[in-house]
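Engineer: Supplied in structure tokens, the structure appears directly below.
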Amino acid sequence: MDAIGVRRFSVVGVSYGGFVAYRMAAMYPEAVERTVMVCAGVCLEESDLSAGLFPVSDVREAAELLVPRRPAEVRRLVKLTFVRPPPVMPSCFLSDYIKVLGSDHIQEKTELLQTLINHRKLSDLPKIRQPTLIIWGEKDQVFPLELAHRLQRHLGENSRLVVVKNAGHAVNLEKGKEVCKNIIEHLQEPGSKDEEVELQ
């Protein structure tokens, strides 16, 4: 952003992208004005797996779910991601999906998941100061709604939670208009007096 002359900007992150957006906001508070976290489980803790918060019980099983290698595994992931998954998912299509999008760097993706989850504690998560909109699908099974409430508690009064009814982890696909409307409203909200002074 510095290279193209953009000094202040907002970040929106969906799912894993939310981990990236949150990290950017924490690392560059002078550059990031506002954040939007969409079904981004940044508040998850390693202990949540064994406590039964997720449909998997350990990091190995999470990697198998989130980095599918066979059509049956893609179907399972889609069923967890959507409230109304597609009724028909031909194996030939899913095999092509795995070849094109899912088969590269399986080891690296698995290691990334391990790094994200192993030894993760809420107490280690920095508290970002930017106004933050949290959008979550009411029926998210990948990152359950409890994580949205946890994130809102962690950030306090500088955050606002929007729970989208009849939507899962793919809330941006299932309820795209509602998600976009909330994001636009958040990004267009007038800033605090301090922010306005900085921008003048």
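Engineer: If you scan region 18-35, which residues turn out to be surrounded by fewer than 18 Cβ atoms within 10 Å (Cβ to Cβ) and over 14 Å from Pro126 (Cα atoms)?
Structural biologist: Scanning region 18-35 gives Glu30, Ala31.
Engineer: When you scan region 1-15, how many residues do you find that are farther than 15 Å from Trp136 by Cβ and open to solvent by 40 Å² or more (accessible area, probe 1.4 Å)? Full working, then the answer.
Structural biologist: Of the residues in region 1-15, the ones farther than 15 Å from Trp136 by Cβ are 1-11.
Those still in the list that are open to solvent by 40 Å² or more (accessible area, probe 1.4 Å) too: 1-8, 10.
Here the count works out to 9.
Engineer: Gly102: modelled with pLDDT under 95, under 25 Å from Val83 (Cα atoms) and over 16 Å from the mean Cα position of the chain (by Cα), yes or no? Explain how you work it out, then say what you get.
Structural biologist: On the way: modelled with pLDDT under 95: yes; under 25 Å from Val83 (Cα atoms): yes; over 16 Å from the mean Cα position of the chain (by Cα): yes.
Yes.
Engineer: Which of (1) within 21 Å of the chain's Cα centre (by Cα); (2) surrounded by fewer than 18 Cβ atoms within 10 Å (Cβ to Cβ) is the odd one out, the single condition Phe93 does not satisfy?
Structural biologist: (1)
Engineer: Can you say whether Lys127 is open to solvent by 70 Å² or more (accessible area, probe 1.4 Å) and at pLDDT 90 or above, as far as the supplied structure shows?
Structural biologist: yes
Engineer: Six or more apart or on different chains, Cβ atoms under 7 Å: show the pairs whose first residue is in region 138-165 and open to solvent by less than 60 Å² (accessible area, probe 1.4 Å) and whose second is polar (S, T, N, Q) and in a helix (DSSP H, G or I).
Structural biologist: Val142/Thr81; Ser159/Gln152; Leu161/Gln152; Val162/Asn182
Engineer: Looking at this structure, is Cys39 of a type outside the set (D, E, K, R) and on the phi > 0 side of the Ramachandran plot? Please lay out each step first, then the result.
Structural biologist: Values: of a type outside the set (D, E, K, R): yes; on the phi > 0 side of the Ramachandran plot: yes.
Criteria met by Cys39.
Engineer: Now a separate question. Are there any helices (runs of 4 or more DSSP H) wholly within region 1-87 with 3 or more residues that are charged (D, E, K, R), and if so which?
Structural biologist: 59-66, 71-81
The values are calculated or read from the model by the stated rules, or taken from the named source; none is laboratory data. In this text, all values refer to a predicted model and were calculated from it rather than measured experimentally. Here the Cβ is made from the backbone with ideal geometry for all residues, glycine too, and neighbour counts use every protein chain on show. Note: accessible area is taken over every heavy atom of the protein model, side chains too, but ligands, DNA and RNA are not part of it. Shrake-Rupley method; radii C 1.70, N 1.55, O 1.52, S 1.80 Å.
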